[in-house]
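Report on one structure; see the data block that follows.
The values are calculated or read from the model by the stated rules, or taken from the named source; none is laboratory data. Here the structure is a predicted model, which is why all the values come from computation and not from measurement. Neighbour counts run over all protein chains shown; Cβ positions are idealised from the backbone, glycine included.
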Number of protein chains: 2
Amino acid sequence: MSMRGFNNIFPIGNKNDAYAEYFIGQSYLNMLSTTGVTIGNVTFEPRARNNWHIHHNGGQILLVTAGRGYFQEWGKPARVLYPGDVVNIPPGVKHWHGAAPDSWFAHLAVEVPAVGAYNEWLEPVSEEEYNKLK
Amino acid sequence: MSMRGFNNIFPIGNKNDAYAEYFIGQSYLNMLSTTGVTIGNVTFEPRARNNWHIHHNGGQILLVTAGRGYFQEWGKPARVLYPGDVVNIPPGVKHWHGAAPDSWFAHLAVEVPAVGAYNEWLEPVSEEEYNKLK
């Protein structure tokens with residue numbers, strides 16, 4: 001799908017090979033800061049999303065910069081995200097995020113520093129679940 | 001000056017009255033996160049800038065989202081900033097940031113968490129210094 005009209009403010013970086021096993025579809029990762037606070041620009045092609053996952057100890061803050069996508073907590077309806085939206089994900093909450101079916105999507109991911117912070121990667125968001133989203 | 005062509009991705013918030021004494025010109029502040037990591041959207045009208053200042057203990061990361069502005073460290077030439085630029089300001093470095101004369105400017109300011117973090121506010125950037133910038 002064309003990137004026409006998709007204004008990815010921060011550089012897209014490279015294919016997100018390091019985390020590819022935890023994603024469906026193609027994503028791109030560009031680390032903007034690795035000192036002080038870790039911040040990455042994550043870009044998703046249409047339909048791309050990460051698996052359900054949990055940030056343990058440290059949480060993560062999403063700052064949406066381009067396109068249209070979703071954030072969903074386990075057991076709750078998905079929230080549609082547009083540029084300017086912010087999601088503050090507490091540690092311990094099972095969730096996923098990614099692009100809408102018809103749009104590229106980009107957010108900054110700010111890692112909340114914490115002793116012993118790690119991600120627990122879980123099952124993919126199934127096509128059946130994803131296809132229910134608008 | 002008109003905001004035409006200035007695409008402030010994140011909501012501008014209110015006039016930055018809390019820090020007005022440390023700024024020249026009008027700025028706006030919208031806190032995007034106050035939990036985990038403190039993140040604010042700071043918007044500057046043309047010519048607006050903060051005073052020289054130092055982040056002690058914790059540093060600050062600027063993520064430029066709109067317009068054109070500057071970052072300058074004491075004793076170094078000013079750096080022109082555009083959307084997509086990132087400035088990782090270490091603790092202890094005297095610096096200022098703000099808008100270009102002919103453009104609005106917006107950046108996210110990410111506070112690096114640290115024990116005993118505080119800002120030391122110093123002298124304004126004089127008109128003479130500022131007017132040398134292009």
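How do the strands (runs of 3 or more DSSP E) wholly within segment B:1-99 filter down when requiring 1 or more residues that are away from chain A (no Cβ under 12 Å) and over 30 Å from A:GLY67 (Cα atoms): which remain?
B:53-56, B:69-73, B:95-99
Just to be sure before I move on: is A:VAL112 more than 11 Å from the chain's Cα centre (by Cα), within 14 Å of chain B (Cβ to nearest Cβ) and of a type outside the set (Gly, Ala, Ser) in the structure I sent? Working first, answer last.
Working: more than 11 Å from the chain's Cα centre (by Cα): yes; within 14 Å of chain B (Cβ to nearest Cβ): yes; of a type outside the set (Gly, Ala, Ser): yes.
Yes; evaluated as a whole, the condition is true for this residue.
Taking into account only those residues within segment B:100-130 that are of a type in the set (Gly, Ala, Ser) and in a loop (DSSP other than H, G, I, E, B), which is surrounded by the most Cβ atoms within 10 Å (Cβ to Cβ)?
Here the residue is B:ALA100.
Since A:GLY75 meets every condition but one in (1) small (Gly, Ala, Ser); (2) more than 30 Å from A:VAL115 (Cβ to Cβ); (3) surrounded by fewer than 20 Cβ atoms within 10 Å (Cβ to Cβ), which condition does it not meet?
Only one criterion in (1) small (Gly, Ala, Ser); (2) more than 30 Å from A:VAL115 (Cβ to Cβ); (3) surrounded by fewer than 20 Cβ atoms within 10 Å (Cβ to Cβ) is unmet by A:GLY75, namely (2).
It is to be established whether one or more residues within segment B:27-47 are at positive phi, of a type outside the set (D, E, K, R) and under 13 Å from the mean Cα position of the chain (by Cα).
No, segment B:27-47 contains no residue that is at positive phi, of a type outside the set (D, E, K, R) and under 13 Å from the mean Cα position of the chain (by Cα).
Among the residues of segment A:28-68, write down those that are without any contact (Cβ under 8 Å) to a residue 40 or more places away in the chain and either farther than 26 Å from A:LYS134 by Cα or polar (S, T, N, Q) (or both).
Of everything in segment A:28-68, those that are without any contact (Cβ under 8 Å) to a residue 40 or more places away in the chain and either farther than 26 Å from A:LYS134 by Cα or polar (S, T, N, Q) (or both) turn out to be A:ASN30, A:MET31, A:SER33, A:THR34, A:THR35, A:GLY36.
Could you grab me the full set of residues in segment B:95-132 that are aliphatic (A, V, I, L, M) and in contact with a strand residue (DSSP E or B) (Cβ under 9 Å, 6 or more places away or on another chain)?
Residues of segment B:95-132 aliphatic (A, V, I, L, M): B:99-100, B:106, B:108-110, B:112, B:114-115, B:117, B:122, B:125.
Selection gives B:ALA99, B:ALA100, B:ALA106, B:LEU108, B:ALA109, B:VAL110, B:VAL112, B:ALA114, B:ALA117, B:LEU122, B:VAL125.
Residues B:ILE54, B:ILE24, B:ILE39: which one is crowded, with 21+ Cβ neighbours inside 10 Å and modelled with pLDDT of 95 or more? Walk me through how you get there before you give the answer.
Numbers: B:ILE54 fails: crowded, with 21+ Cβ neighbours inside 10 Å; B:ILE24 fails: crowded, with 21+ Cβ neighbours inside 10 Å.
Within the list B:ILE54, B:ILE24, B:ILE39, the selection yields B:ILE39.
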